[in-house]
Amino acid sequence: LRTAADPVTSFDDRLARTVTDLMDTVAHEEGAGLAAPQIGLSTRVFVYTCGGRRGHLVNPEWEAIGNETTEVNEGCLSIPGVSMPTERFARVRARGFDMKGDPVSFEAEGILARAVQHEIDHLDGVLFLQRLTPERRRAAMAEIRSSAWFGSAAVSAGVIYDQLSDAMAVR
């Protein structure tokens, strides 16, 4: 989760299976989005199912529309039970490709805008914890350290949690 994912170069059956697996997993977990690194794949693809929309983006990029930001409690399927107010842009323009290689672009606001930014962060090796203020990061890390899964080699969304990076600790 702390390494940038590899760009997709083949729009093939393997990619289609990845998108299907991601959609099944995010539906099962009732999440807003899920990126391939969260299920152990170093592939630049994510899915979303929020704001009344469902879909996926391959090799995605985003840009802010305006300067307005929002601060809403944000969590992550890879860090169960931890949720903190996180600042994100209120509106974004996302672009990339679908699983067949056709260009896709859309504008988003609300939870979908947040999901786009959060999931592309995953593809860039960034966790939402890194977007928190120092005080909130300390509180989140305390929650993680006191959680039942921390240090137990528990597995969630394909990630083993018994060795969180020291880089996550507040400096």
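The values are calculated or read from the model by the stated rules, or taken from the named source; none is laboratory data. Since we're looking at a predicted model, the values are computed, not measured. In this analysis, Cβ positions are derived from the backbone assuming ideal geometry, glycine residues included, and neighbour counts consider all displayed protein chains. SASA here: full protein model, heavy atoms, side chains in, ligands and nucleic acids out. Shrake-Rupley method; radii C 1.70, N 1.55, O 1.52, S 1.80 Å.
Restricting to the stretch 39-67, give me the number of residues that are part of a helix (DSSP H, G or I) and touching a strand residue (DSSP E or B) at 6+ places or on another chain (Cβ under 7 Å).
Of all residues in the stretch 39-67, those part of a helix (DSSP H, G or I) come to 39.
Now restrict to residues that are touching a strand residue (DSSP E or B) at 6+ places or on another chain (Cβ under 7 Å): none.
The total comes to 0.
Tell me whether the stretch 43-62 contains one or more residues that are of a type outside the set (Ser, Thr, Tyr), under 23 Å from residue 140 (Cβ atoms) and surrounded by fewer than 17 Cβ atoms within 10 Å (Cβ to Cβ). Please lay out each step first, then the result.
Here is the first cut: in the stretch 43-62, the ones of a type outside the set (Ser, Thr, Tyr) are 44-47, 50-62.
Retained after the next criterion (residues that are under 23 Å from residue 140 (Cβ atoms)): 46, 50.
From what is left, the residues that are surrounded by fewer than 17 Cβ atoms within 10 Å (Cβ to Cβ) are none.
Looking through the stretch 43-62, none of the residues is of a type outside the set (Ser, Thr, Tyr), under 23 Å from residue 140 (Cβ atoms) and surrounded by fewer than 17 Cβ atoms within 10 Å (Cβ to Cβ).
Examine the stretch 132-145 for a residue that is basic (Lys, Arg), open to solvent by 10 Å² or more (accessible area, probe 1.4 Å) and free of Cβ contacts under 8 Å to residues at least 12 places away in the same chain, and state whether such a residue exists. Reasoning before the result, please.
First, the residues of the stretch 132-145 that are basic (Lys, Arg): 136-138, 145.
So of that shortlist, the ones also open to solvent by 10 Å² or more (accessible area, probe 1.4 Å) come out as 136-138, 145.
Still in the list and also free of Cβ contacts under 8 Å to residues at least 12 places away in the same chain: 145.
Taking every residue of the stretch 132-145 in turn, at least one turns out to be basic (Lys, Arg), open to solvent by 10 Å² or more (accessible area, probe 1.4 Å) and free of Cβ contacts under 8 Å to residues at least 12 places away in the same chain.
Going by what's in this entry, would residue 74 be described as open to solvent by less than 40 Å² (accessible area, probe 1.4 Å) and either assigned to a loop (DSSP other than H, G, I, E, B) or of a type in the set (Asp, Glu) (or both)? It would help to see each step written out before you state the result.
Numbers: open to solvent by less than 40 Å² (accessible area, probe 1.4 Å): yes; either assigned to a loop (DSSP other than H, G, I, E, B) or of a type in the set (Asp, Glu) (or both): yes.
So residue 74 passes the test.
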